[in-house]
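First comes the structure, then the notes that go with it.
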Amino acid sequence: MNLYEFEGKQLFLKHGISTPKGVVIHRGDDIKDLYLQLSCNKVVVKAQILSGKRGKHGGIVFCETVEEVEQACLDLFSSDICGQYVASIYIEEQLSIVEEHYISIVYDTNKKQPMIVYSDRGGVDIEDVDSKYIQRIPLDICDETISSSLPYAQELWACFKHEDTRVVEINPLVKTTQGEWVAADAKVAIDDDAFYRHDEWQALTPRTMMGRPATDREILVQEIDKGEKYYQGTAGKYIEMDGDIALILIGGGASIANMDALKNVGLTPANYTEYSGNPPLEKVYKLSKLVLSKPGIKGLWVCGAVSNFTNVRDTFQGLADALDEVKPTYPIVIRRAGPFDAEGFALMKACAKRNGLDMKLFGKDIPMGETAAVLAQMVSS
């Protein structure tokens, strides 16, 4: 889960990293009252979104009066910044800055160990900084302390380890005219698999990668991978979107490619979802019911590559059980192959016959993207 800036800064303070004095504004809050609590005139008003580059898209406003702050908050709350819903705003004191640096700790998947990434040329365009100005220092996950003179390296390491994070980043890490190092921004991603170790995480508001509050379906889907068979496959991924074509995709990489294929034939997705790792039919049934429950659906596309070990028969049984209950009248296209696919296709043919479904089935002989075109033709006819 990605944290909002103000949440990340709360973790930084916990580990001794200085941050500017600030206050969070939620929709419906008294903006004037909260601003005055800061007791400083010059402030920065920041949209809280889960995306970078907000400064270049109007998501950060500098203000000096109550009226300016109130107007900035109203404008941000009524805007989409980088295509994301602004759930809250963070107002913090302006700093007098003489230097901007960059520091982060991430897990390097190539070296299979944590890594400090540091540059004395931090700020908005850090990704454009020449590699010769960037230091990369490998870390040993077993070490509690690290030998580094970089500002806040030890504190950031403690945060990375003890808060079960995947990424901790300060950009910019600023040096003020008073000679103090301050985290002017915070990017933190926590490890979802560590929720059981952190009771305090239960207070975090549900969110999506779209940067808006989670819908009821997006909250419900999180329960699918819990319970007796939590260890067997995953089927708890669902992001609600604005289109009208329901998707049940299989496999992460293929799913992303199939989203593009759907858009290329003029269809718009009602959701992003996928299952993988041979989930039991119960999980696929629950996911299918949830996907099909969204109003306004005009078509269903179930699509995946050739499975290595996911049981096509059993996962199709979960889908068939859901279709038996919903009995949709819109067209359905299914493309799949893998272990027990012949039995799986027999299940789906029987399901279509007993429910009078407008369904077309395809195996590995037709590319996945071509079946999106088939669905587009069925929807338009």
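Cβ crowding within 10 Å, taken as a proxy for footprinting-reagent exposure, orders M1, M348, M368 from fewest neighbours to most as M1, M368, M348. Across the chain, C-alpha contacts under 8 Å between residues 6 or more apart give a mean separation that, scaled by the residue count, equals a relative contact order of 12 percent. Charge tally around M1: other residues with Cβ under 11 Å, Lys/Arg +1 each, Asp/Glu -1 each, net -3.
Both the radius of gyration and Dmax for region 21-93 are 11.1, 33 Å, in that order, over alpha-carbon atoms. Both radii were evaluated on the Cα set of region 97-196; the Rg over Rh quotient, with Rh as the Kirkwood radius, amounts to 0.97. Modelled this way, with points 7 Å down the Cα-to-C-beta line, the labels at D80 and E325 are 3.2 nm from one another. Taking only the alpha carbons of region 1-146, we obtain Rg and Dmax values of 17.5, 51 Å in that order. Among K175, K111, K360, the order by Cβ neighbours within 10 angstrom, fewest to most, reads K111, K360, K175. When Y196, Y152 are arranged by Cβ crowding within 10 Å, least crowded first, meaning fewest neighbours, the order is Y196, Y152.
The protection proxy used here, the mean number of other Cβ atoms lying within 10 Å of each residue, ranks peptides 78-84, 244-250 as follows, highest first: 244-250, 78-84. Largest first, the extents of the alpha carbon coordinates of the chain on the three principal axes equal 76, 50, 40 Å.
Every number in this text was worked out from the coordinates using simple rules, so none of it is lab data. Predicted model only: the values in this text are computed from it and were never measured. No Cβ is skipped: glycine too gets one built from the backbone with ideal geometry, and neighbour counts run over all protein chains shown.
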